[in-house]
Amino acid sequence: MKCVDRVWIVLGFLFCSLGSAGGSLRLAEDNIDEIVKQMSPREKAMLLVGCESLVSKDSLTVYVPGAAGYTKAFPQYGIPSTVMADGPVGVRIFPIKVDGKRHYCTCFPSSTLLASTWDTQLVETQAGAMGEEAAVYDVDVILTPGINIMRNPLCGRNFEYFSEDPVLSGLMGAAMVNGVQSRGIGTSLKHFVANNQQVNKLNNDSRIPVKALREIYLKGFEICLQHSNPWTVMSSYNKIGGILTQSNAELLRTVLREEWGYDGLVVSDWYGKRNSPEQLEGGTNLLMPVEKAQLEEIEAGIESGALSMEVIDDAVKHILDYVVKTKAFRKDIHAALPDLEQHAALSRSVAGQGMVLLKNDSCVLPLKGIKNISLFGATAYHSIAGGGGSSNVNKSHIVDISTGLEQVGFVLDRSLKDLYTKYNAYQEALLVDPKATDWERLSYRRYVYPEMDLMPNKTLVGEQAKSNDMAVVVIGRGSTEESDRKVHDDFNLSDSEIYMIDKVCEEFHARNKKVVVLLNIGGVVETASWKNKPDAILSVWFPGQECGHAVADVLTGTVNPSGKLPMTFPVRYSDIPSSKNYPIVGETLSGKNFDYTSYEEGVWVGYRYFTTVNKAVSYPFGYGLSYTEFLYSEPSVKKEKGRWVAKIKVTNVGAAEGHESVQVYVGAENRASENPLRELKAFGKTKLLKPGESEILTMNFTDYDLAHFDEPSSSWVLEKGLYKVSFGASCEDIRSVQDIKVKKQQRWGVNRVLNPVVPVQTMTID
């Protein structure tokens with residue numbers, strides 16, 4: 001089979017006069033310095049400014065429709081253009097035509113679902129499949145992973161991120177990097193740093209106390225870089241310390257390169273033009289995608305001497321170091337299409353393992369002896385595979401939850417199905433461009449429809465309860481990088497949704513029939529006010545294109561859910577410390593939380609706050625039920641070869657086979673008031689354990705991992721004394737505690753950088 005959609009362009013240049021380009025040297029891994037010496041200042045300037053798929057193709061050697069952007073080609077030096085595509089959950093390009101047929105990429109589960117697996121090997125496997133598809137479709141870099149912290153549930157981009165915790169985020173991110181890059185395809189670690197809100201993200205100054213910045217928001221990136229080596233790091237849009245991250249030398253040069261030793265390519269985020277010379281001076285190497293003014297600014301800076309050739313040459317070297325790693329440079333040819341059926345099966349498997357069973361009274365799940373189901377909720381018949389924006393993969397299909405249930409033998413009430421089908425068709429006519437193609441409707445224009453109001457039909461639910469064995473209610477939420485979420489009718493359920501849950505539970509329970517609620521969501525929703533009503537609750541997240549199949553696998557028990565929450569579900573939104581300074585969509589136009597956001601909660605993010613102050617939550621960080629039970633025994637923590645080695649035996653004492661994730665938390669016995677009670681330091685997941693089977697999990701952490709940041713001395717400090725190592729099934733469900741002793745104080749100094757322009761008064765914890 002011929003190479004997929006390889007469109008070779010006649011080589012030329014965007015600009016007619018390129019200076020002396022007649023050098024005989026051709027780029028190789030060992031002659032980058034010589035190539036840099038031969039290139040003219042104009043050629044160097046052109047290389048520093050990328051291009052996008054919608055501009056002239058004459059600066060490219062290969063064109064991939066729908067790719068996010070390219071680097072420029074210089075064939076006289078053997079420098080090819082390289083292709084970068086979006087893709088937190090799959091390769092985001094337009095469908096590819098081969099032999100008259102349209103071919104797609106796989107839409108895998110969201111990053112939030114991946115984190116819920118607590119399984120780095122599984123994440124690496126999925127990432128490897130993404131890398132395979134990128135290679136076949138001539139993509140050199142997938143712009144993933146995003147490892148920003150879920151500071152607040154309203155961030156519209158949380159579904160692209162992993163967790164509220166930097167350890168879980170960093171290790172999951174490293175697994176994604178390692179999996180993709182094992183296929184010879186690069187990644188981009190993003191968004192560096194503190195892209196924690198979408199409101200005014202292009203200009204907002206994130207005023208973060210240095211302790212919180214180091215311990216929470218930078219830490220995930222640091223951990224990821226300790227365990228992987230992404231080809232590129234993408235800066236965020238916002239400011240840190242009053243300086244745009246893309247121009248922030250303290251961030252990009254001092255922390256990233258000097259302190260952490262990163263030697264890869266630093267690339268800007270897309271479509272946020274800045275002062276180009278300032279970006280390069282600050283440490284950005286490649287400006288994406290392209291604006292004519294960027295090239296003009298760089299050339300003017302060179303000509304005036306304001307922009308040194310040393311800075312230019314350093315950036316060019318980093319770009320060429322990246323280029324020689326790429327598929328484009330290697331000239332790899334893939335003769336076959338990716339195995340999309342196999343990847344769909346993988347997506348289905350991953351989705352099932354990341355779903356979180358929040359409630360299961362009387363073991364209503366897995367379903368036994370059930371045939372006829374009343375399936376409520378518009379999202380049940382129009383399910384959500386993933387979020388919008390740059391993560392929206394052009395997929396061949398989405399298996400709706402209704403379809404998945406029918407295909408495993410459940411009979412859905414026909415009258416109810418017809419009602420929702422007509423309702424959804426009406427909503428689509430209101431929301432979707434009638435000129436959209438089928439794949440556009442599926443990928444870019446699959447909206448979450450507002451829930452149908454059942455209140456006017458007083459007898460509908462009761463009639464359903466009489467005629468069917470049980471009810472399944474689906475609650476759906478969309479999320480996108482285009483905006484943040486809202487509290488009303490988003491974090492909180494709408495009046496129609498609350499009525500639906502109330503009425504369905506009332507009518508079905510009156511007849512001794514069960515109700516299961518499925519949450520097809522990208523992030524946290526309020527559950528405390530209604531969770532006592534249904535018999536079971538399953539968060540299916542954004543589970544990818546095989547949504548309905550994966551849901552059916554879990555409901556029937558084909559898959560035992562082993563997912564655990566990567567974030568906290570609070571009782572109410574106002575319980576979250578950052579709720580006091582997080583912008584509300586449509587209410588903030590300038591000033592605090594728009595022009596700037598003061599992170600007054602400091603380190604008190606997620607479970608760190610709730611466990612320390614012992615405040616009730618709806619569901620705690622790390623929580624998740626199973627169809628079986630696990631016993632923890634034989635705990636031990638010992639210092640071996642400079643590392644703390646934590647071991648625990650996990651035994652399946654239930655009747656079904658299943659996986660268990662164990663979380664290791666550490667806290668000082670006599671903690672300082674500014675430090676949390678306990679913090680995640682390691683985790684592990686068992687193999688699939690049969691009833692009665694055991695496995696000893698081994699998890700590691702270091703002294704440095706236990707240190708807290710001391711702002712006055714600008715250093716990481718580990719105080720001597722006694723520390724509590726807790727083995728937990730969640731941050732609240734602690735199964736065993738072991739003491740370890742740190743015999744002497746240790747200190748690791750860092751640069752005194754990234755201070756907020758205005759000191760932030762952080763909240764105190766008694």
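The values are calculated or read from the model by the stated rules, or taken from the named source; none is laboratory data. Quantities reported herein were computed from a predicted structural model and do not represent experimental measurements. Here Cβ is always computed from backbone atoms with ideal geometry, including for glycine, and neighbour counts include all displayed protein chains.
Working only within region 344-371, note down all residues that are touching a helix residue (DSSP H, G or I) at 6+ places or on another chain (Cβ under 7 Å) and not in a loop (DSSP other than H, G, I, E, B). Hits for region 344-371 are LEU346, ARG348, VAL350, ALA351, GLY352, GLN353, GLY354, VAL356. Screening LEU244 with (1) out of contact with any Leu (no Cβ under 7 Å at 6 or more places or on another chain); (2) surrounded by fewer than 24 Cβ atoms within 10 Å (Cβ to Cβ) gives one miss only, at (2). For the residues LEU27, LEU60, the requirement of being outside the structural domain of MET150 (by TED's automatic domain parsing), of a type outside the set (D, E, K, R) and in contact with a strand residue (DSSP E or B) (Cβ under 6 Å, 6 or more places away or on another chain) singles out LEU27.
Looking at region 668-766, the strands (runs of 3 or more DSSP E) lying wholly inside it that each contain 1 or more residues that are crowded, with 18+ Cβ neighbours inside 10 Å and at negative phi sit at 679-685, 694-701, 708-710, 715-718, 721-728, 734-742.
Scanning region 624-640 for residues that are closer than 16 Å to ASN560 by Cβ and of a type outside the set (A, V, I, L, M, F, W, C) returns GLY624, SER626, TYR627, THR628, GLU629.
A count restricted to region 376-407 and to residues that are in a helix (DSSP H, G or I) and either at negative phi or of a type in the set (A, V, I, L, M, F, W, C) (or both) stands at 12.
Within region 418-427, can one find any residue that is farther than 30 Å from VAL267 by Cβ and in a loop (DSSP other than H, G, I, E, B)? No; the residues of region 418-427 include none that is farther than 30 Å from VAL267 by Cβ and in a loop (DSSP other than H, G, I, E, B). Residues that are without any contact (Cβ under 8 Å) to a residue 12 or more places away in the chain and not β-branched (Val, Ile, Thr) are absent from region 723-734 altogether.
When VAL89 is tested against the conditions (1) within 18 Å of HIS191 (Cα to Cα); (2) in a helix (DSSP H, G or I), the lone failure is (2).
Has region 208-221 got any residue that is crowded, with 24+ Cβ neighbours inside 10 Å, assigned to a loop (DSSP other than H, G, I, E, B) and under 16 Å from the mean Cα position of the chain (by Cα)? Yes - at least one qualifying residue is present in region 208-221. Looking only at residues of region 269-304 that are touching a helix residue (DSSP H, G or I) at 6+ places or on another chain (Cβ under 6 Å) and among the hydroxyl-bearing types (Ser, Thr, Tyr), we find that the one that is surrounded by the fewest Cβ atoms within 10 Å (Cβ to Cβ) is SER276.
Scanning region 183-207 for residues that are over 18 Å from SER714 (Cβ atoms) and β-branched (Val, Ile, Thr), we see that the one that is surrounded by the fewest Cβ atoms within 10 Å (Cβ to Cβ) is VAL199.
Let's see how each residue does on (1) in contact with a strand residue (DSSP E or B) (Cβ under 8 Å, 6 or more places away or on another chain); (2) crowded, with 23+ Cβ neighbours inside 10 Å:
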site	(1), (2)
HIS334	no, no
ALA344	no, no
GLY354	no, yes
GLY369	no, no
PHE376	yes, yes
GLY387	no, yes
ILE398	no, no
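Against the list (1) surrounded by 24 or more Cβ atoms within 10 Å (Cβ to Cβ); (2) outside the structural domain of THR480 (by TED's automatic domain parsing), the condition LEU307 fails is (1).
Within region 303-324, can one find any residue that is more than 30 Å from PRO450 (Cβ to Cβ), touching a residue at least 60 places away in the same chain (Cβ under 8 Å) and not in a helix (DSSP H, G or I)? Yes, the conditions are met somewhere in region 303-324.
Sort out which residues of region 507-533 are farther than 20 Å from ASP490 by Cβ and touching a Pro at 6+ places or on another chain (Cβ under 7 Å), and write them in order of number. Residues satisfying the conditions are VAL515, VAL516.
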